[in-house]
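Let me begin by presenting the structure, written as structure tokens, before commenting on it.
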Amino acid sequence: MSKKQNARMAKRGLLSWIAEFAGEKKASYIVSVFFALLSVACCIAPYFMVARIVRQLLNGVGDWNLYLKEGGIILLFWFGNVFFHAVSTTVSHVATFNLLGNIRKRMCAKLSRVPLGTVQDMPSGSLKNIMIERIDSMETTLAHIVPEYTSNIILSIALIIYLFTLNWKLGLSCLATLPVGLLAMCLMFKDSARMFQNAVDKTKILNDTAVEYINGIEVIKAFGKSKSSYERFVTAAKDGSDCFVEWMRSTIWSFTVAMVIMPASLLGLLPIGGFMFLNGSIDAALFITVIIMAVSSIQPIITAFSYHDDIAKAQVIFGEVGSVMTLPELNRPAANKKEPVDNSILLKDVKFSYHKAEGDASTSDGGAEAAEGDGQVLRGINMTLPQGSCTAFVGPSGSGKSTIARLIASLWDVDSGSIEIGGVNIKDLSLEEYNRRVAYVSQDNFLFDLSVRENIRLGRPEAGDAEVEEVARQSGCYDFIMTLEKGFDTVVGGSGAHLSGGERQRIAIARAMMKNAPIVILDEATAYTDPENEAVIQKSVAKLVKGKTLIVIAHRLSTVADADKLYVINDGMIDSCGTHQELLALNGLYKSMWDAHISAKDGE
């Protein structure tokens, strides 16, 4: 996000954010404020009743039935306070849960439109922290701030005005301690945004370190790095706690002064009011009434100010949400501008680099194909892939094969040049339509913590159980699935952790086949599969993709030797292309790669 965008985010008020994300529940917040006003009014009203009773006693009224009746009214006000507060908070909580749900849904929808590189460049711990913990932490704040902060401020002002109508001198004396208390409050909140941002940053580091430590625990143990890695986590945890301790320590004195001085409204009222009473300027009834009103008027102010810290926190969190919502998106229309005539693929002078500049997409292509710095990964790729053909990309590691496949899969946008499907630039096709056309299977496949059946069904959610099982049979993974504890109903664990790498890949291929897309991209899709099962999968896939436009990336050249056409990619450019026999005849890079491959196989 640019500095200008950051500045705009910082200037936005809390109500602006609420209005943006509240959706149809905006009116609920207004209703909540209304009931909160009634609640606070019921809380303040007993003070008026007590003042009335005191005046009556001073005037010699001895009707105990009257006092009993007024005591009953005070009790009714108490019940009213409880009831209206419950209604207010219920309505505001419903609106807030709706608001938080809208934020999460819009963030998920946003991330689906953002280039894959941008998402991958964001630490998963930080992104998860924003979408789950940080957003969730605003629930109490938003559910209470809107109704209670607003109502307390309004009623505080109303009570102060009422005091001034009784006697402006006594009204001023009641507020004598308010400036000192407000100054202390301001000092307390002076650095709250900065301190909270520091806490957010330290918490992000802690989350990222924890995720890194957990995900890398196997490597850490294998290479004996437990101590150094754990020390990093301990340091991050200590920094995370120290920032909060430092924050609290920096505000403790100003907080204490504010909480001691601000409520002491009688400090100015009693001597001034006492003097005025003694010289006959006011009577006892008025003096006592003002004392009671003074006690009741300061508490709503303190309650309102107590939310300022929460408001600052909420604005920081909304700023984080805004930083995600303003990420650059793939340049795609809502609907197709033109319909492709077929499923052929054409790349025209495609150039691409993993930008590290602010606001650009950035990633490391799985760590294998990232160019150093901002160097170009692809340097002008031109290729034609006819409909129904099988095309293979081969070449040394880091040459750009997977980058081409991911650009065709529309996971990024090209820097220059174009990619066309059926004669239409993919930038003129909607993401929804394009995703229906392309099935992409990489070597690092992700499975959800669902059953095997549901993971395969994700390819086509409306498919029945019989269809899922039939695709599994055709994909060559039915037999191994049936050996699992609960067969198709076996839950695979987070990221498919309960399965081997080869098993995850085979389920991912079945899922792609279930999608039945006319364009299929297999990026080292059998990398973790043993040779015996690989042959079965290759045979099954060959049947399933018949008539489809197939792109295969493989390091084992023997698996793609029968492809209609092979493109040899080297250093981001096309070294050569042709059939297997044609490339061997050229006696170039492909020939040396083939010889090395055959030698490796002979040595096994």
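Below is a table of values for the structure above.
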read-out	value
Residues that are among the basic types (K, R), open to solvent by less than 50 Å² (accessible area, probe 1.4 Å) and within 30 Å of R406 (Cα to Cα), drawn from segment 105-150	K110
Residue match in segment 320-333 (condition: more than 28 Å from S137 (Cβ to Cβ), touching a residue at least 12 places away in the same chain (Cβ under 8 Å) and more than 35 Å from the chain's Cα centre (by Cα))	no
Cross-chain or 6+ apart pairs with Cβ under 8 Å, segment 573-602 first and in contact (Cβ under 8 Å) with a residue 40 or more places away in the chain, then among the charged types (D, E, K, R) and open to solvent by 50 Å² or more (accessible area, probe 1.4 Å)	M573/R379; C577/K565; L589/D575; Y590/D575; H597/R556
Which listed residue, of G476, G423, is over 33 Å from the mean Cα position of the chain (by Cα) and surrounded by fewer than 16 Cβ atoms within 10 Å (Cβ to Cβ)	G423
Condition check for V541: open to solvent by less than 60 Å² (accessible area, probe 1.4 Å), modelled with pLDDT under 90, out of contact with any Gly (no Cβ under 6 Å at 6 or more places or on another chain) and in a strand (DSSP E or B)	no
Residue, surrounded by the most Cβ atoms within 10 Å (Cβ to Cβ), within segment 288-329, restricted to residues that are touching a helix residue (DSSP H, G or I) at 6+ places or on another chain (Cβ under 6 Å) and in a loop (DSSP other than H, G, I, E, B)	Y307
Looking only at segment 51-82, and only at residues there that are among the charged types (D, E, K, R) and open to solvent by 100 Å² or more (accessible area, probe 1.4 Å), the one that is farthest from A294 (Cα to Cα)	K69
Output for segment 151-170, where each listed residue is touching a Leu at 6+ places or on another chain (Cβ under 9 Å) and either surrounded by fewer than 21 Cβ atoms within 10 Å (Cβ to Cβ) or of a type in the set (K, R) (or both)	I154, I160, F164, L166, N167
Among (1) open to solvent by 50 Å² or more (accessible area, probe 1.4 Å); (2) outside any loop (DSSP other than H, G, I, E, B), the one test that Q387 misses	(2)
Looking only at segment 186-203, and only at residues there that are in contact (Cβ under 8 Å) with a residue 60 or more places away in the chain and farther than 14 Å from Q315 by Cα, the one that is most open to solvent (accessible area, probe 1.4 Å)	L187
Among residues of segment 546-590, those that are assigned to a helix (DSSP H, G or I) and open to solvent by less than 60 Å² (accessible area, probe 1.4 Å), counted	8
Matching residues in segment 340-356 - criterion: being over 30 Å from Q197 (Cα atoms), in contact with a strand residue (DSSP E or B) (Cβ under 7 Å, 6 or more places away or on another chain) and either in a loop (DSSP other than H, G, I, E, B) or among the aliphatic types (A, V, I, L, M) (or both)	P340, N343, S344, I345, L346, L347, V350
Residue list for segment 420-462, restricted to those being part of a helix (DSSP H, G or I), among the basic types (K, R) and closer than 19 Å to N516 by Cβ	R436, R437, R453, R457
Flag for A176 being touching a helix residue (DSSP H, G or I) at 6+ places or on another chain (Cβ under 7 Å), outside any helix (DSSP H, G or I) and more than 21 Å from L14 (Cα to Cα)	yes
Residue within segment 81-90 that is at pLDDT below 85, farther than 22 Å from W17 by Cα, part of a helix (DSSP H, G or I) and touching a Ser or Thr at 6+ places or on another chain (Cβ under 9 Å) present	no
Condition met for L266 (under 26 Å from Q120 (Cβ atoms) and at pLDDT 75 or above)	no
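Here's the yes/no breakdown for (1) open to solvent by 60 Å² or more (accessible area, probe 1.4 Å); (2) assigned to a helix (DSSP H, G or I); (3) modelled with pLDDT of 70 or more:
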{"residue": "I205", "(1), (2), (3)": "yes, yes, yes"}
{"residue": "A210", "(1), (2), (3)": "no, yes, yes"}
{"residue": "I214", "(1), (2), (3)": "yes, yes, no"}
{"residue": "T235", "(1), (2), (3)": "yes, yes, yes"}
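For every residue, the table says whether it meets (1) among the aliphatic types (A, V, I, L, M); (2) assigned to a loop (DSSP other than H, G, I, E, B); (3) in contact (Cβ under 8 Å) with a residue 40 or more places away in the chain; (4) within 20 Å of I311 (Cβ to Cβ).
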site: A36; (1), (2), (3), (4): yes, no, yes, yes
site: A41; (1), (2), (3), (4): yes, no, yes, no
site: V61; (1), (2), (3), (4): yes, yes, no, no
site: Y67; (1), (2), (3), (4): no, no, no, no
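The values are calculated or read from the model by the stated rules, or taken from the named source; none is laboratory data. Quantities reported herein were computed from a predicted structural model and do not represent experimental measurements. Every residue, glycine among them, receives a Cβ derived from its backbone with ideal geometry; neighbour counts consider all protein chains shown. For accessibility, only protein heavy atoms count, side chains too; no ligands or nucleic acids. Shrake-Rupley method; radii C 1.70, N 1.55, O 1.52, S 1.80 Å.
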